[in-house]
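Here is the structure we will look at, set down as structure tokens.
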Amino acid sequence: MSHQLLDRLRAVDVAEKTGPLAKPANAALLEEWQRSGVRFVSSADRLTNRYYDAVRELFDCIAPAADETPILHEGGIYHGCWLESTGTINAELLCRFLPSVTTATYSAFARYQRDDGLFPYKVTTQGPAFNQIQLVTPLARSVWNHFRLNRLDTDWLTDMFGAMSRYDAWLARHRDTLGTGAVEAFSTYDTGHDLSSRFWHVPDSPFANDPTRYDPDNPILPFVAPDLTANVACQRDYLGAIADHLGGDGDDWRQKAEASRNALFAQCHDPDDAYFYDRDRHGRMVRIQSDNLLRVLACEIGDADGFANALERYLLNSRKFFAKFPLTSIALDDPRFDPNFGQNSWDGPTNFLTLIRTPHAFEHHGHHVELSWIMQPTLSALFAADRFPQTLNPFTGAAGFTEKYSPSILCLLDYIERLSGILPRPEGDLWFTSLLPKPATHRYEQWETAYGRNVDGVEFELLNTTESSEVYRDGDRFGRFPSGIRVVTDRSGSLLGIVGLTSRTVSGEIEWEGVSRRFEIEPNERQTPAGQGFERSTGPKMVLPSYT
């Protein structure tokens, strides 16, 4: 089976697997995909076929919007590109597969920036729209990661830095009316939390569709918003890193970031609940536990202990967000929780935008094992689905609202690469991960996989079986290791370390470039090569799921 799967990987024709192109422009996308060398096969035909369904439908989500340049679209019923999602985290995932489209997508927001510094919240065929802000993932982080991973032109980074700096100034001028130093929400749509009980009795849009105004007759607006404030804090940290790279001084940005973090904790953090809430204009906390917490954590807010506490009390708590198909958009034990997944709702269903924002929060603090508990049921649901929806039923995994939705398409591509593939990192590492996808419901099955990717002109292949994994470089095997770990290398394949990726202690032997090393590794632990073995390095203690 193992060699047959590798043979199938080497024989796979991406053009044949994706089928006839839906539009002539997709030919260029197919060519760029093939240059990446990314291929996937599984011992289960259903998984292989769903993978190439995702590739084909991803191509259909790429088209011109306000001009003739193709960019990534949200997909489904959403015709255009939204800054909170398509224009940030979606495109950041896409840059591992179709980097030219990511560049064009980010550039569109800078191109259509208003003279006063405001970015459009979306770009559609009708042009840029400025009715509101709509922020979740920090654009500066996405831009910086794309720049480093794909080694882009410095002139492009300079242009994006200037645009993002001007937008930061716009937010500081117009979204701190209470003088707290935090960032305010004037409407539901400012955070993309449609139908969320977080925003009951708040208008969907800013007053007169003007993003500088809120309804003066509304008794509770503006809200000091933790997700918006965390976004700006993280954005400023990455603007500091970009400033340093461009030969400037990033300290001013880092000082602004620290001021934003201080305002976030002063205004929105409840130390007893260890949670982040909106605060209304009367100083009262809006105590609704939503995926606001995950959004804040994905913006690199808080320390390792705080993140572990958030996992235990909330994200991995089956009374809160850890449903059978996590993560829900409102806490399960909130009486306002509504599992209706047949509409664009952030009041209960599991949303794929949450799922693609999740890995950064977990990996930033080294909780790789716990992340796999979210990725596995998500992939199981996507493999079983007949479309790529916006939402999942958190209890059954059934596909919900809309179809051909780029966040769920990219979720499948991203999670397969994180779980069982070869993932290039912005810092210059490669991850070879040996977990196998598995069903979340019904009978036990083993789904073996093989994955290919080109890096700097070198063809890498990863074969994952139930017992072990093998890595090939330009057709020759140069690595072998037990399942349940991740091998970390540089871009040429030289060994840098290993990470424990499962809840059990894994022990055995790694063969790499002709050298055999014994190891024993705990969950989340990272070890580095030392002589003929490994030495313990870093890694947080695994956090178990909780029930109360």
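Things to note:
- The criterion of being open to solvent by less than 10 Å² (accessible area, probe 1.4 Å), at pLDDT 95 or above and either more than 25 Å from R357 (Cα to Cα) or out of contact with any helix residue (DSSP H, G or I) (no Cβ under 6 Å at 6 or more places or on another chain) (or both) holds for G192.
- Among residues of region 178-189, those that are surrounded by fewer than 24 Cβ atoms within 10 Å (Cβ to Cβ) and in a loop (DSSP other than H, G, I, E, B), counted: 4
- If the condition is being surrounded by fewer than 21 Cβ atoms within 10 Å (Cβ to Cβ), small (G, A, S) and either at pLDDT below 95 or in a loop (DSSP other than H, G, I, E, B) (or both), then region 292-322 contributes only S318.
- Which listed residue, of S142, S107, S100, is small (G, A, S), part of a helix (DSSP H, G or I) and touching a residue at least 60 places away in the same chain (Cβ under 8 Å): S100
- Qualifying residue in region 528-548 (condition: small (G, A, S), within 30 Å of D333 (Cβ to Cβ) and either out of contact with any Asp or Glu (no Cβ under 9 Å at 6 or more places or on another chain) or part of a strand (DSSP E or B) (or both)): yes
- Scanning region 380-427 for residues that are open to solvent by 10 Å² or more (accessible area, probe 1.4 Å) and part of a helix (DSSP H, G or I) gives S380, A384, R418.
- Selection within region 1-14 - loosely packed, with under 15 Cβ neighbours inside 10 Å, in a helix (DSSP H, G or I) and of a type in the set (A, V, I, L, M): A11
- Every residue from region 278-288 that is in contact with a strand residue (DSSP E or B) (Cβ under 6 Å, 6 or more places away or on another chain) and over 14 Å from E184 (Cβ atoms): M285
- Considering region 493-527, the residues that are touching a strand residue (DSSP E or B) at 6+ places or on another chain (Cβ under 7 Å), part of a loop (DSSP other than H, G, I, E, B) and polar (S, T, N, Q) include one that is surrounded by the fewest Cβ atoms within 10 Å (Cβ to Cβ), namely T505.
- Residue identified as in a helix (DSSP H, G or I) and not polar (S, T, N, Q) among L135, L149, L118: L149
- Residue in region 339-352 that is over 19 Å from P407 (Cβ atoms) and of a type in the set (D, E, K, R) present: no
- Members of region 196-235 that are outside any loop (DSSP other than H, G, I, E, B) and over 28 Å from P335 (Cβ atoms): F207, A208, N209, N231, V232, A233, C234, Q235
- Within region 119-130, one or more residues are open to solvent by 10 Å² or more (accessible area, probe 1.4 Å), in contact with a Pro (Cβ under 7 Å, 6 or more places away or on another chain) and of a type in the set (A, V, I, L, M, F, W, C).
- Verdict on E68 being part of a helix (DSSP H, G or I), out of contact with any His (no Cβ under 8 Å at 6 or more places or on another chain) and without any contact (Cβ under 8 Å) to a residue 12 or more places away in the chain: no
- T88 vs. criteria open to solvent by less than 10 Å² (accessible area, probe 1.4 Å), touching a helix residue (DSSP H, G or I) at 6+ places or on another chain (Cβ under 9 Å), among the polar types (S, T, N, Q) and part of a helix (DSSP H, G or I): yes
- Beta carbons closer than 6 Å, at least 6 apart along the sequence or on distinct chains, never pair a first residue in region 173-188 that is within 18 Å of G117 (Cα to Cα) with a second that is of a type in the set (D, E, K, R) and in a helix (DSSP H, G or I).
- Residue match in region 328-338 (condition: within 28 Å of L94 (Cβ to Cβ) and buried (at least 24 other Cβ atoms within 10 Å of the Cβ)): yes
- Enumeration of residues in region 142-159 that are open to solvent by less than 10 Å² (accessible area, probe 1.4 Å) and under 21 Å from the mean Cα position of the chain (by Cα): S142, V143, H146
- Residue in region 211-250 that is surrounded by the most Cβ atoms within 10 Å (Cβ to Cβ), counting only those that are free of Cβ contacts under 8 Å to residues at least 12 places away in the same chain and charged (D, E, K, R): D244
The values are calculated or read from the model by the stated rules, or taken from the named source; none is laboratory data. Computed from a predicted model, the values in this text were never measured in an experiment. Cβ coordinates were reconstructed from backbone atoms using ideal geometry, including for glycine residues, and neighbour counts include every protein chain displayed. Heads up: the accessible areas ignore ligands, DNA and RNA and are worked out on the full protein's heavy atoms, side chains in. Shrake-Rupley method; radii C 1.70, N 1.55, O 1.52, S 1.80 Å.
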